[in-house]
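Below: the structure, in structure tokens.
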Amino acid sequence: MPLLGEPFPHMEVKTTHGVKKLPEDYSGKWFILFSHPGDFTPVCTTEFVSFAKNFDKFQELNVDLIGLSVDQLFAHIKWTEWIEQNLGVKIPFPIIADELGNVAKTLGMIHESKGTNTVRAVFIVDDKGILRLMMYYPQEIGRNIGEILRAVKALQIGDTNKVALPANWPDNELIGDKVIVPITPTEQAVKERLEKAKNKEIECYDWWLCYKKL
């Protein structure tokens, strides 16, 4: 099972949009690989509709989506057809057919207590092919797509501005939509930080908890 900060493992997969090579085919783009327990299941259907309705928001962040379950391609295709015909929502992203469970096993998506179905895993991979975030949900609980979008935005803003993001950003209870300024604690760094706070370049509760508006 890969760890955060490591390259996403190379794999060639069959999808509803043809064969894909991960992460090579998404070089220069972020992608989110998410698994679902099975096609033609109620919670999964609501998730796919939500991912599809938010697809443009992911695209604005340079993010592609990839679904996965241990179902076969024909089941994926029939299911997405059903969603479009009955719910009026077209699924715009590919779905991996992982009949033998090889991808799921590599990524730790199959939990023995849940049988052979995949749990609801989420892998956020950046534009350099590095695994940045993982989430796992049980079969019984659908994912919060808004939280996945928030996590991507936070990762990208953190990378661009070399900052950290507080709990519930951008609606943190202490600092609102401001961001945390990291520090490598040395005596000189502490002095410099306190000087910046004095000059109102940043705000601080203490030298180790400083923040600013982007």
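The values are calculated or read from the model by the stated rules, or taken from the named source; none is laboratory data. Here the structure is a predicted model, which means the values were calculated and not measured. Neighbour counts run over all protein chains shown; Cβ positions are idealised from the backbone, glycine included. In case anyone asks, the SASA skips ligands and DNA or RNA and just uses the protein heavy atoms, side chains included. Shrake-Rupley method; radii C 1.70, N 1.55, O 1.52, S 1.80 Å.
Quick rundown of the values:
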| read-out | value |
| --- | --- |
| Protein accessible area in the stretch 89-200, 1.4 Å probe - carbon and sulfur % | 53 percent |
| Cα gyration tensor, the stretch 152-191 - rounded (a/c under 1.5), prolate or oblate | oblate |
| Phi-based couplings in Hz for the stretch 24-40 (Karplus 6.51, -1.76, 1.60; Gly and Pro marked x) | 4, 5, 10, 4, x, 10, 7, 9, 10, 9, 10, 9, 9, x, x, 5, 6 |
| Relative contact order (percent, whole number), the chain, Cα cutoff 8 Å, 6+ residue spacing | 21 percent |
| Folded to 0 to 90 degrees: helix 145-161 orientation relative to the chain principal axis, Cα | 40 degrees |
| For Cα Rg over 2.2 N^0.38 Å, calculated from these coordinates, the label among [x] 1.20; [y] 1.00; [z] 1.64 | [x] |
| Trypsin sites (Lys or Arg not before Pro) restricted to the stretch 164-214 and DSSP loop, no more than 12 other C-beta within 10 Å | LYS200, LYS213 |
| Spin-label proximity, THR41 to the stretch 58-90 - amide N less than 19 Å from point 7 Å beyond Cα toward beta carbon | 66-83 |
| Rg(Cα) / (2.2 N^0.38 Å) computed for the stretch 95-214, rounded to two decimals | 1.45 |
| The stretch 120-161: equivalent-ellipsoid semi-axes (sqrt of 5 x gyration tensor eigenvalues, Cα, Å) | 22, 12, 6 |
| Percent of C-alpha pairs per 10 Å bin, the stretch 9-102, short to long | 16, 51, 30, 3 |
| Solvent-accessible heavy-atom area per residue, rounded to whole Å², over the stretch 23-173 at 1.4 Å | 46 Å² |
| Cβ-placed point charges (K, R +1; D, E -1), dipole of the chain about Cα centre in debye, nearest 20 | 420 debye |
| Between 0 and 90°, nearest 10: helix 187-198 axis offset from the chain longest Cα axis | 80 degrees |
